[in-house]
Amino acid sequence: MAPPRRQLTAQVLLPVTGESLATLTESQLWTLHELGTGMASAEVVRSKVQTEQTEGPYLDTSLPPALQTNLLQIKNRLGREALRSCHLCERHCGIDRLAGEVAYCGIAAQSYVGSEFIHMGEEEELVPSYAVFFAGCTFHCVYCQAHRVAFNPQAGLAPTVPEWVALIGERQRQGARNVNFVGGTPEPHIATILEVAAALPDEVNIPLIMNANMSMTPMAMQLLDGVIDLYLADFRHGNDDCARRLMAIDGYTAFITRNLLHAAAHAELLIRVLVLPNHLDCCLRPILEWIAVHMPQVRLHVMFQYRPSFKSWEVPDLARQLDADEKAIAMRWCRELELNNLVIPGDTTRLRSTEINV
């Protein structure tokens with residue numbers, strides 16, 4: 001079995017000491033990140049180092065491996081630095097969360113967890129799954145079923161990193177096959193996720209899932225590369241008008257499709273499509289057509305469990321459950337578009353990322 005991606009990332013060593021790491025600027029950290037991820041050649045990196053070092057070299061190629069910093073530690077530092085002017089999600093709030101400023105999601109620097117438990121209600125290939133329900137969200141869906149946590153960003157507990165490590169280790173011993181970061185949505189908590197990932201010991205060899213609305217910026221996706229094993233991605237609306245009206249977000253189709261393509265290139269991907277009443281032609285059909293063109297073999301869960309909740313009773317087109325005809329049309333479209341890798345109750349097909357040393 002292959003190890004979780006974060007353990008491979010932690011094996012990438014960079015010639016800078018942990019002591020020096022604490023003094024580096026964000027620009028210097030990104031240079032190291034480019035070096036560690038192969039995004040730039042050694043020659044380009046050397047040139048950048050020469051222009052960025054203001055008080056002498058910060059790379060020491062003579063360092064023995066035991067004194068070098070690994071790429072996961074670089075990502076951890078960059079995640080924390082990102083909070084100084086937050087652009088982790090497509091809201092681009094740009095506020096200083098480390099100084100206590102609160103973004104659209106309602107979160108400063110501290111992550112709160114509304115609940116955490118071993119979840120048996122996810123797709124069969126993922127359970128038992130250790131679900132961590134973060135408080136706060138980057139969207140404001142009128143039909144949100146987790147609104148008590150999503151819109152109460154200080155709900156629940158605020159575990160320390162050692163407490164996180166102990167919790168994850170205990171849940172793995174209890175049978176969890178993965179850590180499932182959900183919410184709300186986990187995007188505002190990327191710094192916490194990276195910090196926890198960097199602190200997990202090798203014996204806690206459990207894969208990490210990003211169960212998200214996929215509102216990350218390209219910078220945030222780069223930080224998660226080599227850390228997240230599976231993206232469990234929600235794809236809700238097939239046009240920007242519905243997304244703006246029902247989720248209060250602009251530019252949805254551009255960033256969701258960009259991030260799905262990125263996720264598929266760097267990790268496992270399972271797409272969830274919640275079928276909404278009266279939104280088959282405007283949303284479901286465009287979503288399925290996009291998937292059929294760009295990733296026809298992706299694992300796909302077409303979900304029929306919508307029920308009105310939160311503010312959806314005030315929205316006429318969402319104030320009822322699906323009817324039998326809508327469900328039949330959704331499945332017919334999947335067949336017509338040859339989307340055959342569907343999650344079906346009773347199917348025990350396993351994703352590779354969920355089989356890692358579990």
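Key figures for this structure:
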| read-out | value |
| --- | --- |
| Residue within the range 186-195 that is of a type in the set (Ser, Thr, Tyr) and buried (at least 18 other Cβ atoms within 10 Å of the Cβ) present | yes |
| Filter result (part of a helix (DSSP H, G or I), free of Cβ contacts under 8 Å to residues at least 60 places away in the same chain and touching a Pro at 6+ places or on another chain (Cβ under 7 Å)) within the range 318-338 | GLU326 |
| Checklist (1) of a type outside the set (Ser, Thr, Tyr); (2) in contact with a strand residue (DSSP E or B) (Cβ under 8 Å, 6 or more places away or on another chain); (3) closer than 15 Å to THR192 by Cα applied to ARG148, failing item | (3) |
| Scan of the range 139-160 for residues that are at pLDDT 95 or above and closer than 28 Å to VAL204 by Cβ, ordered by number | ALA158, PRO159, THR160 |
| Tally, over the range 106-134, of residues that are among the polar types (S, T, N, Q), surrounded by 22 or more Cβ atoms within 10 Å (Cβ to Cβ) and assigned to a strand (DSSP E or B) | 1 |
| Verdict on VAL102 being more than 21 Å from PHE304 (Cα to Cα) and surrounded by 19 or more Cβ atoms within 10 Å (Cβ to Cβ) | no |
| Long-range neighbours under 6 Å by Cβ, at least six apart or interchain, first residue hydroxyl-bearing (Ser, Thr, Tyr) within the range 200-228, second at pLDDT 95 or above and not in a loop (DSSP other than H, G, I, E, B) | SER215/CYS89; SER215/GLU187 |
| Among (1) in contact (Cβ under 8 Å) with a residue 60 or more places away in the chain; (2) within 30 Å of ASN341 (Cα to Cα); (3) in contact with a Ser or Thr (Cβ under 8 Å, 6 or more places away or on another chain) - the single one GLU123 does not satisfy | (3) |
| Some residue of the range 45-58 being over 29 Å from ASN178 (Cα atoms), among the basic types (Lys, Arg), at pLDDT 85 or above and not in a loop (DSSP other than H, G, I, E, B) | no |
| Filter result for LEU270 (under 27 Å from PHE304 (Cβ atoms), within 16 Å of the chain's Cα centre (by Cα) and outside any strand (DSSP E or B)) | no |
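Yes/no per residue for (1) in contact with a helix residue (DSSP H, G or I) (Cβ under 8 Å, 6 or more places away or on another chain); (2) at pLDDT 95 or above:
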site: ASP202; (1), (2): yes, no
site: LEU208; (1), (2): yes, yes
site: LEU223; (1), (2): yes, yes
site: HIS237; (1), (2): yes, yes
site: ALA243; (1), (2): yes, yes
site: ILE249; (1), (2): yes, yes
site: ILE256; (1), (2): no, yes
site: HIS279; (1), (2): yes, yes
site: ILE287; (1), (2): no, yes
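The values are calculated or read from the model by the stated rules, or taken from the named source; none is laboratory data. Only a predicted model underlies this, so the values are computations on that prediction, with no experimental measurement involved. Every residue, glycine as well, gets a Cβ built from its backbone with ideal geometry; the counts of neighbours run over all protein chains shown.
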